[in-house]
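Okay, so here's the structure we're looking at.
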Amino acid sequence: MAKDIIRGKDLLSLGYPPTPVVSLAMGIVERQYKYLSKTAKLGMLKAVLDHPGCFLPDQDLGRIARALIPEEAPAERPAQLNDEPIGFATFGRGQIEQGAIQQMELACRLPVARAGALMPDAHAGYGLPIGGVLATENAVIPYAVGVDIGCRMSLSLFDIPEADFYRKASLFTRILEENTLFGSGAIFSDPVDHEVMYRSEFKELKLLAEIRGRAWKQLGSSGSGNHFVEFGLVEMDDQRYIGLLSHSGSRGLGAQVANHYTKIAREKRRLPREANHMAWLSLDEAEGQEYWLAMNLAGDYACACHEVIHQKIAAALGRKPLRNIANTHNLAWTEYHQGNQWTVHRKGATPAGKDTWGIIPGSMTEPGYIVKGKGNPGSIGSAAHGAGRRMSRAQASASITHHALREDLDRKGVRLLGGGLDEAPHAYKDIKEVMRAQQSLVEVMGTFTPKMVRMDE
């Protein structure tokens, strides 16, 4: 009778998945069990759905059971590197250590790599070298972005007379000390409010939800190492200004995002040991999309940290900045190059697309440069992010004396608050040589000369 015929909607109501198993089950039941009542048929099919393993031996119902048990996905094979790297442009090759070049060559052997470039401030890092730019297709590499996701520069210009800055040096010193906080574990006891902390990603992604509280306490602080907040003299457009320049990233939030998703990427790709820091996530994978959301949130959080720092200091100065110039140099972007949509990773590299403004700092005693990009396709629209290290931190601490550092600071008229020998100017390349090596990448629009530098103790 027609009323005893099983319909597709009946199986879906039982909980059957909307897959070919529905048609399979309907056909088998109506052929082999057509004399059963509809209630009996549905009861039998519900039992197969709930306990498919029990019905595997059955000649007919076993076919339904096997269709309900998902096949195990085959284990992913280890990802293979290409035998030869894709070609990449190198700017200022004579200033770049061989280790950084070898790291870039390895990165350019990844099967997802499509273009690469090495900036003149490049030096070896983890995975992609610092100063490395890598374009990939439909893939993102957490360690090609780096641990300090969203690390950036921010420069505010103030119409404060230069004479007032020198005359009130103690006031500017106090303002820097009272409105900045440095160190990897540093937190505020009374954190400020900011819209970034209410972003939906903090609810949607389990990792971010777990670290939100501590991230909020670090909002507006700076890390250790080469992070700084400093006053200096800006020369631009035939004018002189007092500038406030800051350099820092996404604090502990970015580091946890980088390490969490790098672990996942390594498990999925299983690259050769020498390349395991370059494991990628496909942007078609849920994990790849999660990392992309978390990475951009970390970048916006880093931007918010700079906003808080500059707002606090501007309020203490009683002045509004005339202008702010900023750029990120540790992030991945979706961009079009050579007619293709690629993921462009810049790890310690400044975006330098056509007419894009940026800041390339020198050292605590050497000038930084305000630049505008030329959009050079050879560099994938990128430039250096600073002078670049010529000594490791250990080498600098062992070979540079406090006397030599003090002499350099005095000679350049720079007051250092905190800082250490590992960040002494002697540990860095000559910023002027770096700028000469990238004349085809950026146009210099102005300079920033440090005069009062605050760093981690």
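Taking the Cβ-Cβ separation of ILE5 and LYS263 as r and a Förster radius of 45 Å, what is the calculated FRET efficiency to the nearest 0.05?
0.30
With axes computed from alpha carbons, what is the tilt in degrees of helix 169-178 against the longest principal axis of the chain, rounded to the nearest 10 within 0 to 90?
20
Can you tell me the FRET efficiency between LYS46 and ASN276 if r is taken as the Cβ-Cβ distance and R0 is 35 Å, rounded to the nearest 0.05?
0.15
Average the reciprocal distances over every distinct pair of alpha-carbons in the chain, invert the result, and give the Kirkwood radius in Å.
24.9
First check a/c for the range 360-406, with a ≥ b ≥ c the square roots of the eigenvalues of its C-alpha gyration tensor; if it is under 1.5, answer rounded, and if not, answer prolate when a/b is larger than b/c or oblate otherwise.
oblate
Between ASN138 and ARG390, what length in nm is gained on full extension when 0.36 nm per residue of separation is reduced by their alpha carbon distance? Please report the intermediate quantities before stating the final value.
Details: separation 252, 0.36 × 252 = 90.72 nm, distance 3.42 nm.
Result: 87.3 nm gained on full extension.
From the helices alone, meaning DSSP H stretches of at least four residues, give me the mean residue ellipticity at 222 nm for the chain, per-run term -39500 (n - 2.57), in deg cm²/dmol to the nearest 500.
-10500 deg cm²/dmol
So who's got an amide H within less than 5 Å of the one on ARG415, skipping anything under 5 residues away but keeping other chains? H placed 1.01 Å off N, in plane.
MET452, VAL453
Peptides 266-279, 361-374: what's the order by average Cβ count within 10 Å, highest mean first?
Put in order of decreasing packing, that is 361-374, 266-279.
So how do 392-399, 328-335 stack up, highest first, on mean other-Cβ count within 10 Å?
On the way: 392-399: 13.8, 328-335: 21.6.
Ranking the peptides 392-399, 328-335 by packing returns 328-335, 392-399.
Which of the peptides 413-419, 38-44 is most tightly packed, and how do the rest follow, judged by the mean count of other Cβ atoms within 10 Å per residue?
Details: 413-419: 17.6, 38-44: 14.9.
Result, highest mean first: 413-419, 38-44.
For the range 56-69, just list the computed ³J(HN,Hα) in residue order, Karplus coefficients 6.51, -1.76 and 1.60, θ = phi - 60°, integers in Hz, with x standing in for Gly and Pro.
4, x, 5, 4, 9, 5, x, 5, 5, 4, 5, 6, 7, 8
Would you mind ranking TRP342, TRP292 so that the residue whose beta carbon has the fewest other beta carbons within 10 Å leads the list?
TRP292, TRP342
At what distance in nm do the modelled label points of ASP193 and HIS403 sit from each other, each positioned 7 Å from its Cα along Cα→Cβ?
Reported label-point gap for ASP193 and HIS403 is 5.6 nm.
Could you give the angle, 0 to 90 degrees to the nearest 10, between helix 98-107's Cα long axis and the longest principal axis of the Cα atoms of the chain?
With rounding to tens, the tilt is 20 degrees.
Counting other beta carbons within 10 Å of each residue's own, what order do CYS108, CYS305 fall into, fewest first?
So the ranking, lowest neighbour count to highest, is CYS108, CYS305.
Using the Karplus curve 6.51 cos²θ - 1.76 cosθ + 1.60 with θ = phi - 60°, work out ³J(HN,Hα) for each residue of the range 251-263 in order, rounded to whole Hz, and write x for Gly and Pro.
Each residue of the range 251-263 in turn: 6, x, 4, x, 5, 5, 4, 4, 5, 4, 7, 5, 4 Hz.
Hey, quick one: spin label on ARG240, modelled 7 Å out along Cα-Cβ, who in the range 147-183 has an amide N within reach, i.e. under 15 Å?
Inside the label zone: 158-168.
In this model, which of LYS268/LYS347; LYS374/LYS412; LYS9/LYS268; LYS206/LYS268; LYS372/LYS429 are farther than 28 Å apart at the alpha-carbon?
Too far apart for the 28 Å limit: LYS374/LYS412; LYS9/LYS268.
Would you grab the residues whose amide H sits under 5 Å from the one on ARG114? Only those 5+ places off in sequence or on another chain, please, with H modelled 1.01 Å from N.
Amide H neighbours of ARG114: ALA135, THR136, GLU137.
Quick one: 3J(HN,Hα) in Hz for the range 434-451, Karplus 6.51/-1.76/1.60 with θ = phi - 60°, rounded, Gly and Pro as x.
4, 5, 5, 6, 10, 5, 7, 9, 9, 10, 6, 10, x, 10, 10, 10, x, 9
Let a ≥ b ≥ c be the square roots of the eigenvalues of the Cα gyration tensor of the range 192-345; is it rounded (a/c under 1.5), or, if not, prolate (a/b larger than b/c) or oblate?
On the way: a/c = 2.29, a/b = 1.64, b/c = 1.39.
Judged from the Cα gyration tensor, the range 192-345 comes out prolate (a/c at least 1.5, a/b above b/c).
Rounding to the nearest 10 and keeping the result within 0 to 90°, find how far the Cα-based axis of helix 21-32 lies from the longest principal axis of the chain.
10
Taking Cα centroids, how far is the range 2-29 from the range 440-457 in Å?
That distance is 70 Å.
For the chain, give the share of DSSP beta bridges that are antiparallel, in percent and rounded to the nearest 5; count only bridges with both residues there.
Among the beta bridges of the chain, antiparallel pairing accounts for roughly 90 percent.
Nearest 0.05, what FRET efficiency do TYR126 and GLN80 give at R0 = 22 Å with Cβ-Cβ as r?
0.55
If I model a spin label as a point 7 Å beyond the Cα along the Cα-Cβ vector, how far apart are those points for GLU178 and THR19 in nm?
About 6.6 nm separates the two model spin labels.
Taken together, the values in this text are just the output of simple stated rules run on the coordinates, not laboratory data. If you're wondering where the values come from, they're calculated on a predicted model, not measured in any experiment. Neighbour counts run over all protein chains shown; Cβ positions are idealised from the backbone, glycine included.
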